[in-house]
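Take a look at the structure below.
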Amino acid sequence: MLERAAPQRRVSLATAAVIREALSSIVSEMRRSMVRSSYSSIIYEGYDFSCVLIDGKGRLIAESGEDHPFHIIPVAGAIERALKVHGSIDPEDLLLHNDPYTGGTHLNDIAVIWPVHAQGRPVFYVVVRSHWGDVGGMSPGSLNGAATDILQEGLRLNYLKVARSGDCEVMRMIFDNVRATREAISDFHSVLGICRVAERRLRDLAAKYGLETVEDAGEDILDAAHRRMSAAIAALPEGTYRHVGYLDGNGSTPHPLRVDVALTVRDGHLEADFSGSSAMVSAPLNAGPAIAPTSVLTVVKSFLDPSGPITSGTLRAITVKLPDGSIVNARAPAPCGGLNEVRFACDAAVMGALGKVVPERMTGDVRGTSNHTYIGSRDFIFYEYPSGGTGAWGDSDGNAAVRAFNEGENVSIQSTEVLETVYPLRILKNEIRPDSGGPGRHRGGCGLVREVEVLADDARLSVLSDRNIVPPAGVNGGASGAPNRYTVRRAGETFLPSAFPGKIANFPLLPGDVVVMESSGGGGCGDPLARAKGPLAADLADGYVSEAGAAPYRSAPPRARLSVDPALDDAACRLAPDLATALDAAPGNLIELAADLGPAIRLWVRAVSADLPAGTIAVPARFAAEGALRIRRLSTFAPMAEPSARSPS
């Protein structure tokens, strides 16, 4: 354990605490104002936005505790990057930014950066990042599962200078190139009004305490956050811990895509090295350089030090290495619409690596995707991202159909009454999805089933989702949750609207079509056979688990002995014939090996090999230290032909 000197404070502890809470209060007021003044349902119903304050040196100083990690953490480097573009930011300017390659998320998330000057220099920046319903591109809503170039996803704004009034030729050009223009204009001017009020609150704070005191308190706030995070990391055993998270990919990419992380803990500092992750792809499954650091901080903070604010001070205790030209550090023109799909795979990888150090703190995986779902036309754009189950942990089951710890305050779904009033749609069903929570001593939370009937003549469906093949994993012997699934029901027939599950672009919908969304469940925690009889009986009575779905709680899967085969690539395995028969597994299938402690191992069957002894699975060399593990088959996915637009029979 490191010995740490007493902190050197610039202001009293009480003063720093009061100013910290005052800054957080300003951000909270911004959030409330966004909900009350916005015109887009994705803001006032979906809460798909975040607000933060940046200090004059470009460091994240305040958030509300309700904001989304993937919105706010990338802002920590925004000012430094903006100054590389412009050199200076004038008092009458504001900046627009959404470019993923220079610290943004995806193009729909546009940040308004509003400088606050005093004494001839910037002393704060007010930042609001909000999801625009459309930013141009190839499909209504801009996000879809088939983009191969970022230009197909909309307009790139790389710290674009705009007059603070918002009335200028640049904004006219932007609004002329997005769908749902009236909503975009109204929401943009709402943001400007909120930034003006936040500036006034900051000036009042500086007048009350003095600008120097406020800035000194900011330094103390950052230092305190660094000390907290560093102390939490220092409590871990030193060493390097590795795990891999997987994405489904799409029909044009390798399957699966991988996010590989090695966490090194040393001297109260954590380094996350993502070398070995897949190269960037011509599919919307890439992320810019801000996303993997967001993932590392979110997971490490959540499991090691869940209380206290997130600031740039928290980030000082963490270093992240990203391979250039990979799915975690993509270059133009790689599309980045699915940045959250990449982020969730990063989360899974970091959680798995931490699970090798502190398995007792880990949870089963969450639904693992944003489930971007668009139904739209030239006249309307409905956007939703149905929640799934959260992972179980050592003390409790997961929660059903809610946001998880790594997502912020987005709502699970939009209000039926609002949706049916605003859009030509009808909600037919909204219920818990049985058997979707991963079995375990504690069960993963269940996903939901949502059915949306289309009433318009010219609507199209676009979906950007993941974990439709590789489901959310269990932990400490728990089983995986059910994967996400999207289908369309037409004239009594249910079919998949795309060849590759979860990746849909501009699928034509007819009046009367029903879009069926089935979201994934969270991973289970602990051996399913150890689940108490009372909770299992309650699950059966409540419909969370069916009689057929109760089978994993009554009989154990086979246990496999591991044999190392150095010739296997990192995600491949070979099965003995008796295991293949017991699992009904064939080459190409995804299987899972569950350890009593720590994360599950996912591998794809390369071959069924008669030369292997009974009950044996051949695995890559990196699993040489593993003992006998429980084995389950997860997926038999194989690509199919692309469906054509169907007509009613």
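The values are calculated or read from the model by the stated rules, or taken from the named source; none is laboratory data. Here the structure is a predicted model, which means the values were calculated and not measured. Cβ placement follows ideal geometry from the backbone for every residue including glycine, while neighbour counts extend to all protein chains displayed. The area values use the complete protein model at the heavy-atom level, side chains included, leaving out ligands, DNA and RNA. Shrake-Rupley method; radii C 1.70, N 1.55, O 1.52, S 1.80 Å.
Tabulated results
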item	result
Those GluC sites (Glu not before Pro) in segment 477-563 that DSSP places in a loop and that have at most 10 other beta carbons within 10 Å	Glu547
Label-to-label distance, nm, for residues given as Gln119 and Cys168 (7 Å Cα→Cβ offset)	2.8 nm
Rounded tilt (10° steps) of 339-355 against the dominant C-alpha axis of the chain	70 degrees
Anisotropy class of segment 502-649 from Cα gyration tensor, a/c 1.5 cut	oblate
Sites Asp267 and Glu92, calculated FRET efficiency, Cβ-Cβ separation with R0 45 Å, nearest 0.05	0.45
Folded to 0 to 90 degrees: helix 13-37 orientation relative to the chain principal axis, Cα	80 degrees
Net lengthening on full extension, Arg559/Thr487 (0.36 nm per residue, minus Cα-Cα)	22.4 nm
Potential lengthening between Thr148 and Glu238 on full extension [0.36 nm per residue; Cα-Cα distance subtracted]	28.2 nm
Crossing angle, helix 181-209 versus the chain [Cα axis fit, 0-90 degrees, rounded to tens]	60 degrees
For peptides 139-147, 450-458, sequence by mean Cβ density within 10 Å, most packed first	139-147, 450-458
Shape call, segment 13-223: gyration tensor on alpha carbons, a/c limit 1.5	prolate
Extension gain, Lys84 back to Ala614 (0.36 nm per residue minus Cα-Cα distance, nm)	184.6 nm
Separation in nanometres of the label points that stand 7 Å from Cα toward Cβ, at Ala607 and Arg196	7.2 nm
Residues of segment 229-244 with amide N under 20 Å of the 7 Å Cα→Cβ point at Ala625	234-244
Segment 183-210 versus segment 98-160: alpha-carbon centroid distance in Å	19 Å
Helical contribution to [θ] at 222 nm, DSSP H n ≥ 4, -39,500 (n - 2.57), averaged over the chain, rounded to 500	-8000 deg cm²/dmol
Apportionment of accessible area to carbon and sulfur, segment 13-223, percent (1.4 Å)	51 percent
Sulfur and carbon atoms: percent of accessible area, segment 376-476 [1.4 Å]	44 percent
Answer label for Rg/Rh (Cα atoms, Kirkwood Rh) (calculated), chosen among [x] 0.97; [y] 1.25; [z] 1.04	[x]
Span from the segment 1-78 Cα centroid across to the segment 229-255 one, whole angstrom	26 Å
Residue-normalised accessible area of the chain, expressed per residue, 1.4 Å probe, Å²	36 Å²
Rough spin-label spacing in nm, given labels placed 7 Å along Cα→Cβ, for Lys57 and Ala571	4.2 nm
Within segment 152-239, GluC sites (Glu not before Pro) in DSSP loop having at most 16 other beta-carbon neighbours inside 10 Å	Glu238
Rounded if a/c under 1.5, otherwise prolate or oblate - segment 557-635, Cα gyration tensor axes	rounded
